[in-house]
1. Summing Lys, Arg as +1 and Asp, Glu as -1, what charge do residues with Cβ under 10 Å from the Cβ of Lys18 carry, Lys18 excluded?
2. Taking every pair of alpha-carbon atoms in segment 18-92, what share in percent sits in each 5 Å bin, from 0 to the bin with the longest distance?
3. To make sure I understand the rule: partners must be aspartates and glutamates, Cα under 12 Å from the Cα of Lys89, and not fewer than 8 residues away in the same chain. Which ones qualify?
4. Find the relative contact order for segment 18-92 and round it to a whole percent, using C-alpha pairs within less than 8 Å whose residues are 6+ positions apart.
5. What dipole magnitude, in Debye to the nearest 20, does segment 18-92 give about its Cα centre under +1 on Lys/Arg Cβ and -1 on Asp/Glu Cβ?
6. So, counting K/R as plus one and D/E as minus one, what does the shell of residues with Cβ under 12 Å around Lys85 add up to?
7. Please report Met47, Met20 as a ranked list, fewest other C-beta atoms within 10 angstrom at the top and most at the bottom.
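A short reminder: the numbers here are calculations on the coordinates, not readings from a lab. Everything quoted here is computed from the prediction, not taken from an experiment. All Cβ positions, glycine included, derive from the backbone under ideal geometry; neighbour counts span all protein chains shown.
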Amino acid sequence: MWYTLFVMSNIYTKIDYKEMTVDQLAAVIRLDWIKLNYAARPYLDAMDTLEKVSDNYHFDSGRSVVSYFLANASTWRGETARNVKAELKIRLK
């Protein structure tokens with residue numbers, strides 16, 4: 001189970017990534033990755049429209065969008081990054 005504790009108003013909130021849709025994971029990425037890599041941005045924008053990796057973004061498969069995002073997300077680091085990337089990789093299997 002992948003999760004992160006977010007501090008909101010001095011309350012720790014446990015986030016379970018496996019329960020989230022791809023667009024919800026994209027929102028978490030945007031909140032955590034302050035200096036978003038320019039090469040990852042178009043794929044993250046596309047992920048905003050996906051519910052599952054089996055969905056399509058125009059003529060591209062959701063699987064390829066998520067794969068390309070992961071390929072360009074090597075500079076995103078930290079606990080949240082590790083957990084979200086691991087969850088996305090699990091969904092690609």
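1. Taking every other residue near Lys18 into account, the sum is -2.
2. All Cα pairs, binned at 5 Å, distribute as 3, 18, 33, 29, 14, 3, 0 percent.
3. By straight Cα distance, Lys89 reaches no aspartates and glutamates at all.
4. Relative contact order of segment 18-92: 33 percent.
5. In total the dipole reaches around 340 debye.
6. +1
7. Neighbour counts put them in this order, fewest first: Met20, Met47.
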